[in-house]
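Derivation of every value follows stated rules applied to the coordinates shown; laboratory data play no part. From a predicted model like this one, the values you see are computed outputs, not experimental measurements. In this analysis, Cβ positions are derived from the backbone assuming ideal geometry, glycine residues included, and neighbour counts consider all displayed protein chains.
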Amino acid sequence: MRLDKFLKVSRLIKRRTVANEACDAGRVLVNGKPAKASAAVKVDDIIEIGFGSKAVKVQVLDVQETVRKDDAKELYKYL
């Protein structure tokens, strides 16, 4: 699954266009490397997102195309 879509489906970032812009700005790292929005996300990848002065680091637990709002938290865990 594309990185920008995963960020939207998991609700780490609300909109896919915002996820795209964050990737283009270099604020999203996958396994320690800057990633493009089109990068493939797999189970056990580590995603780090820079939100201003705060950084969020998560591990991918599951990859699904669609998910209900209540189940979105089950796609990742905070590190």
For this session: Report, in debye and to the nearest 20, how large the dipole of the chain comes out about its Cα centre when Lys and Arg carry +1 and Asp and Glu carry -1 on their Cβ.
Result: 240
For this session: Just need log10 I(q)/I(0) for the chain at q = 0.11, 0.14, 0.16, 0.24 Å⁻¹, Debye formula, equal scatterers on the alpha-carbon atoms, no solvent, rounded to two decimals.
Result: -0.22, -0.37, -0.49, -1.18
Exercise. Calculated from DSSP H runs of 4 or more alone, at -39500 (n - 2.57) each and per residue, what is the 222 nm mean residue ellipticity of the chain, nearest 500?
Worked result: -5500 deg cm²/dmol
Seminar exercise, completed: Two pseudo-spin positions, 7 Å from Cα along C-beta at R16 and at T66, lie apart in nanometres by 1.3
